[in-house]
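Shown next, in structure tokens, is the structure this report addresses.
The values are calculated or read from the model by the stated rules, or taken from the named source; none is laboratory data. Since the structure is predicted, the reported quantities are computational estimates derived from the model, not experimental observations. Note that each Cβ is placed from the backbone with ideal geometry, even for glycine, and that neighbours are counted across all protein chains shown. With ligands, DNA and RNA removed, areas are computed over all heavy atoms of the protein, side chains included. Shrake-Rupley method; radii C 1.70, N 1.55, O 1.52, S 1.80 Å.
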Amino acid sequence: VQSYGAIIAGHAHPAIVDGISIRERPADVEDRAVPGHWEGDLLMGGASSQIATLVERRSRYVMLVKVDSKNTVTVTKALAAKVRELPAELRRSLTWDRGSEMAAHKDFTIATDVKVYFCDPHSPWQRGSNENTNGLLRQYFPKGKDLSNVSQAELDKVARQLNERPRETLNWLTPWDALRATVASTS
């Protein structure tokens, strides 16, 4: 069987084929009761540069991933490598918009055992935690800034700052503390 990524790699804007609708996500994703459900996106910069963002829904914990292009194979491989660093209890699902960068979602799921759900077209609010985080990231990476020279070490530093920033929605816990508490309670 030929890899989905190999089939669509030659297409400039591949479509999402066999994507699972956000409406089919389990209830525990929606109510944020269980950790390990993520929202993701590409934060676009100038000069066709981008950063992949992942936000854990329950804790708002952020991971940032350097990607050299928005080609689906590049993005899904980089995301899979980052997600595989997580303990199994934090690898449950990923919700993404309908951007062509996740056209190889099946390869991502095979590599990570994380099912990908797709938002309805033109519905970014269905990934509200991620959209909010992208707004916070604009404090570090203003619109139009070329992100191609931003290193993974710099991205890790920004993620750490956001993860150590108390949030009102978490009763003034930091995302790091909220994640640690939820993982401890499910272990």
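Mind scanning LYS66/LYS157; LYS82/LYS157; LYS82/LYS115; LYS77/LYS115; LYS66/LYS106 and naming the pairs with a C-alpha gap bigger than 18 Å?
LYS66/LYS106
Return the aspartates and glutamates within reach of LYS70: Cα separation strictly under 12 angstrom, same-chain partners fewer than 8 residues apart disregarded; answer none if there are no such residues.
Filter leaves ASP41, GLU101.
How much length, in nm to one decimal, is gained on full extension between LEU136 and ASN171, taken as 0.36 nm per residue of separation minus their Cα-Cα distance?
Working: separation 35, 0.36 × 35 = 12.60 nm, distance 1.81 nm.
Here the answer is 10.8 nm.
Which of these, VAL17, VAL29, VAL65, has the largest mean-square fluctuation under a Gaussian network model of the chain (Cα springs below 10 Å)?
VAL17
With both bridge residues required to lie in the chain, what share of the DSSP beta bridges run antiparallel, to the nearest 5%?
60 percent
Which value, in debye to the nearest 20, gives the size of the charge dipole of the chain about its Cα centre, when Lys and Arg are +1 and Asp and Glu are -1 at the Cβ?
Roughly 220 debye for the chain.
If packing is taken as the average count of other Cβ atoms within 10 Å, what order do 158-167, 104-113 fall into, highest mean first?
Put in order of decreasing packing, that is 104-113, 158-167.
Which whole-number percent gives the relative contact order of the chain, counting Cα pairs below 8 Å spaced six or more residues apart?
The value is 27 percent.
Over the stretch 62-120, calculate the relative contact order: mean separation of alpha carbon pairs under 8 Å at least 6 apart, over the residue count, as a percent.
Working: 68 pairs, mean separation 21.8, N = 59.
Answer for the stretch 62-120 is 37 percent.
If packing is taken as the average number of other Cβ atoms within 10 Å across a peptide's residues, how do 133-146, 46-59, 86-99 rank, most packed first?
46-59, 86-99, 133-146
So what is the 222 nm mean residue ellipticity for the chain from helices alone, if each DSSP H run of at least 4 adds -39500 (n - 2.57) and you divide by all residues, rounding to the nearest 500 deg cm²/dmol?
Counting only the DSSP helices, I get -9500 deg cm²/dmol.
Tell me, what is the per residue accessible area of the chain in Å², probe radius 1.4 Å?
Accessible area per residue, the chain: 49 Å².
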